[in-house]
Amino acid sequence: MSHHFVRYENVHYRYEDGTEALKGIDLVITHGERVALLGLNGSGKSTLLLLTDALLFPSEGEVNIGDVPVTKKTAESIRRSVGFVFQDPDDMLFMPTIYDDVAFGPRNMNLPEKEVARRVSDALCAVGLSGLEEKAAYQLSGGQRRSAAIACVLSMEPDILLLDEPSANLDAKARRSLIDLLKGFKHTIILATHDLEMAEELCERTVILSHGEVSADDNTSKIFSDQKILKSLGLL
Ligand SMILES: Nc1ncnc2c1ncn2[C@@H]1O[C@H](COP(=O)(O)OP(=O)(O)O)[C@@H](O)[C@H]1O
Ligand SMILES: [Mg+2]
């Protein structure tokens, strides 16, 4: 599934209580693009990421990863190539040790234990947590837990990385290493964030969601120089 794209066609999503979170999203994100997803709270960013990783399915319309439609049937293979770093790292760390957490995905794919060990070692090294393999998640700081959650996704060697507000609650040093780490990721990144500096440094393209619709989609630098748009985000 490499050199794929992510395509949203007329994507609607309605939660069970009737909330219309997405109201006709049309977007194409090509391989290797880094896209910032901005918008006020409740604008639909997390919902769009959940639909991209087959954790929710459109009420109407379609999401495609390459030529594979995201459906219940394809969910397992979609999740193999799409890695989702949840907003709360504690949702991703549930094993007795960090090693086991990061090994969880690769073991689930039935990879040989030697390959699992290589992936865990590479992923922990990439996020700067080498040496903490035997710790439990509760023994790590908030920033380290976030890094561990990212390692859980990197160990799957995904083609597409989805991150939901990854810099929230990070100190300056942890945030800097996260940005540097993501800069080194060669594949597609979709980054939902309120961290405009991070978006500007990392993402050449920005999509703004407003009430479940795309209200702007352009070069990040162009978007950030538009007062009207910044105002709509409550930034001016
Ligand atoms: N589980 C849910 N049940 C009902 N409504 C939800 C649920 N999750 C989110 N929503 C609603 O869907 C809309 C979009 O939410 P969300 O995608 O979380 O936005 P964002 O990530 O941009 O803050 C909001 O109106 C939110 O209240
Ligand atoms: Mg959200």
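Quick note: the coordinates plus some simple rules give every number you see, no bench work behind them. Small disclaimer: the values here were computed from a predicted structure and weren't measured. Cβ coordinates were reconstructed from backbone atoms using ideal geometry, including for glycine residues, and neighbour counts include every protein chain displayed.
Numerical summary
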{"quantity": "Test item: Cα-centred dipole of region 142-230, Lys/Arg +1 and Asp/Glu -1 on Cβ, debye", "calculated": "320"}
{"quantity": "Max mean-square fluctuation residue, GNM over the chain, Cα-Cα springs under 10 Å, options 148, 36, 216", "calculated": "216"}
{"quantity": "Compactness of the chain, expressed as Rg and Dmax over alpha-carbon positions, Å", "calculated": "17.5, 54"}
{"quantity": "Candidates 113, 134, 16, ranked by Gaussian network fluctuation over the chain, Cα under 10 Å, top entry", "calculated": "16"}
{"quantity": "Antiparallel %, DSSP beta bridges [both residues in the chain], to 5", "calculated": "55"}
{"quantity": "Footprinting exposure proxy for 4, 211 (fewest neighbouring C-beta atoms within 10 Å first)", "calculated": "211, 4"}
{"quantity": "Förster radius 41 Å - calculated FRET efficiency between residue 219 and residue 139 (Cβ-Cβ, nearest 0.05)", "calculated": "0.45"}
{"quantity": "Gaussian network model of the chain, springs between alpha carbon atoms under 10 Å - residue of 218, 17, 122 with greatest fluctuation", "calculated": "17"}
{"quantity": "Separation of the residue 204 and residue 72 label points, Cα + 7 Å toward Cβ, nm", "calculated": "3.9"}
{"quantity": "Which of 87, 19, 203, positive extreme of dipole for the chain (C-beta unit charges)", "calculated": "203"}
{"quantity": "Low-density loop cleavage sites - trypsin sites (Lys or Arg not before Pro) in region 34-107, where at most 15 other Cβ are within 10 Å (DSSP)", "calculated": "72, 73"}
{"quantity": "Difference of contour (0.36 nm per residue) and Cα-Cα distance, residue 113 to residue 62", "calculated": "14.7 nm"}
{"quantity": "Cα gyration tensor, region 130-236 - rounded (a/c under 1.5), prolate or oblate", "calculated": "prolate"}
{"quantity": "Amide hydrogen neighbours beyond the local backbone of residue 215, cut-off 5 Å, H modeled", "calculated": "208, 209, 210"}
{"quantity": "CD proxy at 222 nm, helix term only [per DSSP H run n ≥ 4: -39500 (n - 2.57); per residue of the chain; nearest 500]", "calculated": "-10000 deg cm²/dmol"}
{"quantity": "Neighbour cut-off at most 12 other Cβ (10 Å), DSSP loop, trypsin sites (Lys or Arg not before Pro), region 133-236", "calculated": "186"}
{"quantity": "Only Lys, Arg (+1) and Asp, Glu (-1) charged, at Cβ; the chain dipole about Cα centre in debye", "calculated": "340"}
